[in-house]
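Structure, as structure tokens:
The values are calculated or read from the model by the stated rules, or taken from the named source; none is laboratory data. Predicted model, so just to flag it, every value in this text is computed and none were measured. A quick note on method: Cβ atoms are made from the backbone with ideal geometry, for glycine too, and the neighbour counts reach across all protein chains shown.
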Amino acid sequence: MKGAIGYLFDSDVLVADAFHSGADLLAIFASGFGLWLASKKKTAKFPYGLYKAETLISFIIGALIVWAGIEMFKDGYYKLFHMTYIQKSPIFPVSASVISIIIAYFLFKKESAVGKKINSQSLLANASESFLDIFTSIVVLTGILLAYLRVPYIEGSIIILISVLIFKLGFKNIWASLLVLMDANLEPDLQFEIESKINEIYGVKGDSEVKIRQSGPFKMVECKIETSPTLSLYRAHELADKTEDFITKNYEHIESVFIHIEPSKKRVISAIIPVKDINGLDSKVYGHFGRAPYFVILKLNKNNTEIEDFYYNEFLDEKKHIGIKVIRAVIKYKLDVLFTSRIGEISFYALKDNFVDIYEIEEGLLVKDIVKKYQNNQLKQITKPTHPLEESQVEN
């Protein structure tokens, strides 16, 4: 419409704007083609899908925008020194520009809404271009009126200004597409947030490492987590599923999550010991887990021992499931290890479900002796409850 009216009414600026709109139209078709490719199912040859086809098209769109900016700059520079005077009434050229402004506005709103909804880079790039088209059409409208009034220089100057903005937008889209194609980390804040949340999942021991790469409208997340070295394969897989479910349910546009589990290399672990009294590292070990009057919580590494807290057993007056109640109270310390001489079936499996390793010790030993034996690898793990379910329901 703009090209035909510009030709019939001798409006070179409207014809130039028609070429600019033609470039936009090509970009829209290119975006649609890229999204169509990205929607194709995975195949043996493309096991990760064709999501990056959409990013490649975004790169092409950026190049088209740069080209449009260069062409507009050349046109603006020419009009600085060669003013075009419209001899006929500008009603039709003005009407065409007004219609172009209205269409560009609705295109911008629709492309922006859909682009954000499906996280499409190419649609968002087109939305930005449509938004600039509004101002470009306003400039063209102004230029038509100024040309009719024979006002020099202003039309060319404004067109050059808009061309620079378009040129900048094109390079921005090219650069963003290149970063995606090169698997750059584009969302460090999101990466840090996911790492922090994963570290709060019970069973994850140590600092998690998360990598995020963009693939078309989707994100691919790679996550390395650490857990207890003694954890069974089944439990490790369960922890991986738990982590994957957390990420996919709480964050949008994630196409896949890859979880890699490694044995924990934590230098500091959290340990708990049932004791008879509160006497620092000289406290004596109590013979039962659930019925112990006190518990000492320690921070241990290869050479140092630090008492983090003492916990008073507030459930001693109760008759059943004391151990479970104690576990619920102390689990906030993110325990790694329990040292005990005796533990019931219910408490044993509850602790194992919470990724706690259990080591056997002798009643009456001092806490500092237990720590020394552990640091010297002189303690053996308890792999099953030490007394039956009937007894554990009362004592532990």
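For the reader, a short list of remarks on this structure follows.
- Residue in the stretch 7-15 that is in contact with a Lys or Arg (Cβ under 8 Å, 6 or more places away or on another chain) and at pLDDT 80 or above present: yes
- Only one entry in Ser163, Ser177 is within 14 Å of Val13 (Cα to Cα), in the same structural domain as Ser11 (by TED's automatic domain parsing), modelled with pLDDT of 75 or more and buried (at least 20 other Cβ atoms within 10 Å of the Cβ), namely Ser163.
- Restricted to strands (runs of 3 or more DSSP E) entirely inside the stretch 275-347, those with at least 2 residues that are touching a residue at least 60 places away in the same chain (Cβ under 8 Å) and in contact with a helix residue (DSSP H, G or I) (Cβ under 8 Å, 6 or more places away or on another chain) are 294-300, 337-340.
- Residue selected from the stretch 1-59 under the condition aromatic (Phe, Trp, Tyr) and in contact with a helix residue (DSSP H, G or I) (Cβ under 9 Å, 6 or more places away or on another chain), by the criterion surrounded by the most Cβ atoms within 10 Å (Cβ to Cβ): Tyr51
- The lone exception for Lys224 - which of (1) in contact with a Lys or Arg (Cβ under 8 Å, 6 or more places away or on another chain); (2) over 30 Å from Ile57 (Cβ atoms) it fails: (1)
Per-residue answers, yes or no, for (1) farther than 18 Å from Thr305 by Cβ; (2) among the acidic types (Asp, Glu); (3) more than 40 Å from the chain's Cα centre (by Cα):
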{"site": "Tyr333", "(1), (2), (3)": "no, no, no"}
{"site": "Gly344", "(1), (2), (3)": "yes, no, yes"}
{"site": "Tyr349", "(1), (2), (3)": "yes, no, no"}
{"site": "Asp353", "(1), (2), (3)": "yes, yes, no"}
{"site": "Glu363", "(1), (2), (3)": "yes, yes, yes"}
{"site": "Lys368", "(1), (2), (3)": "no, no, yes"}
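- Any hit, the stretch 360-369, residues being buried (at least 18 other Cβ atoms within 10 Å of the Cβ), outside the structural domain of Glu200 (by TED's automatic domain parsing) and without any contact (Cβ under 8 Å) to a residue 40 or more places away in the chain: no
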